[in-house]
Structure formats: structure tokens, C-alpha cells
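Visitor: Take this structure first; my questions come after.
FYI, it's all coordinate maths here, none of it is from the lab. Because the structure is predicted, anything quoted here is derived from the model rather than measured. Glycine gets a Cβ as well: all are built from the backbone with ideal geometry, and neighbour counts include every protein chain shown.
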Amino acid sequence: MQKYLQSSLDEVQTKSEVENLINTNEKVVISCGRNGPMCLPVYGAFEVLKEKEKYSDIKFAVMPFDVPEATIIRELSECRSFMGLPFTIYYKNGKVVSATSSLQNVKSIKTTINESFL
């Protein structure tokens, strides 16, 4: 499978890959975006957090916004009012527990993780 995003994170591109990821991991965060200035810092923040022991139980992944099956994220009711990329979705036990959009830094992602998972 060709990777579209500039990230060392696992990249999902299909609905079945997303479903498998969220159904086989208790805590999952997926950022759905492009290789742009608002998205790349989020992927970088994920890469930093992925290496931290405190967040070792969280599966971080990315999904290209423009692949056809990204509708699994783009069409979530939690994303209805989003205006900027990336769409970042936090899943716990297969359910959406939080969603954010646009540029995020490590601190803001940690805050959302702590509110959603801990």
C-alpha cells in the first residue's frame, strides 16, 4: 500500500482498516488530513506522544483526507461543523469520545487525551 502522508505513524486508508483499529485497541487517535501546514505538526505531535510511556496504551494513526473511504471520519456527526484540517478523532472502546480540528500542538493533544481517556 502506498503511503500518502509524511509521517512515520501507521496510515489507514480504508473503512475496514479504521474499524479494525478501533475495535482491536481500547484507545485510538486518528488524524485525518493532508500534507499541509496545519496537519504535519499534528502528525509530529503524535510521533512525540507515541514514544512517551504514559501514552503507550494509545494507538496513534493517520488517514489521508482525500481517500474515498475517509468518509468514515469526514461524515461523523462530531465533525459536522469542522472547517479546518486535520480532523482528529479520539476513540475509546470503539466509540468516539472526542473530536478536534485544525492545528494542535503537543500540549493541546495531551489535554484532549487526558480528558477523553484518563
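Visitor: Considering only DSSP beta bridges with both partners in the range 10-117, what is the antiparallel share in %, to the nearest 5? It would help to have the intermediate numbers written out before the result.
Guide: Working: 12 of 21 bridges.
The antiparallel fraction comes to roughly 55 percent.
Visitor: Could you tell me the relative contact order of the chain? Use alpha-carbon pairs under 8 Å, at least six residues apart, and round to a whole percent. It would help to have the intermediate numbers written out before the result.
Guide: Working: 204 pairs, mean separation 37.8, N = 118.
Taking the mean separation of contacting Cα pairs over the length of the chain, I get 32 percent.
Visitor: If you don't mind, another one. Run the helix sum for the chain: -39,500 (n - 2.57) per DSSP H stretch of 4+ residues, divided by residue count, reported at 222 nm to the nearest 500 deg cm²/dmol. Intermediate results must be reported in sequence, preceding the final value.
Guide: On the way: 4 runs with 37 residues, N = 118.
Helix contribution divided over all residues of the chain: -9000 deg cm²/dmol.
Visitor: Thr111 to Ser56: FRET efficiency via 1/(1 + (r/R0)^6), r the Cβ-Cβ distance, R0 25 Å, to the nearest 0.05? Walk me through the intermediate numbers first.
Guide: Working: r = 19 Å, r/R0 = 0.74.
That pair, Thr111 with Ser56, gives E of 0.85.
Visitor: Short version: what are the Cα gyration tensor semi-axes of the chain, square root of 5 times each eigenvalue, largest first, in whole Å?
Guide: Values: eigenvalues 66, 51, 44 Å².
With the √(5λ) rule applied to the chain, the semi-axes are 18, 16, 15 Å.
Visitor: Connecting C-alpha atoms closer than 10 Å in a GNM of the chain, tell me which of Glu17, Glu47, Glu75 has the biggest fluctuation.
Guide: Glu75
Visitor: Same structure, new question: If you place +1 on the Cβ of every Lys and Arg and -1 on the Cβ of every Asp and Glu, how big does the dipole about the Cα centre of the chain come out, in debye to the nearest 20?
Guide: On the way: 14 positive and 14 negative charges, 57 e Å.
Roughly 280 debye, rounded to the nearest 20.
Visitor: For the chain, set up a GNM with springs between Cα atoms under 10 Å and report which of Met63, Met38, Met83 has the largest fluctuation.
Guide: Maximum among the listed residues: Met83.
Visitor: Hey, can you grab everything whose amide H is under 5 Å from the amide H of Ser98? Only 5+ residues off in sequence or another chain; H modelled, so Pro and N-termini drop out.
Guide: Tyr90
Visitor: Connecting C-alpha atoms closer than 10 Å in a GNM of the chain, tell me which of Ser81, Ser108, Ser56 has the biggest fluctuation.
Guide: Ser81
Visitor: Quick one: order Glu26, Glu53 by neighbouring beta-carbon count within 10 Å, fewest to most.
Guide: Numbers: Glu26 13, Glu53 6.
Ordered from fewest to most neighbouring Cβ atoms within 10 Å, Glu26, Glu53 come out as Glu53, Glu26.
Visitor: Evaluate the distance, in nm, between pseudo-label points positioned 7 Å from the Cα of Arg74 and of Ser16 along their respective Cα→Cβ axes.
Guide: In this crude spin-label approximation the distance works out to 2.1 nm.
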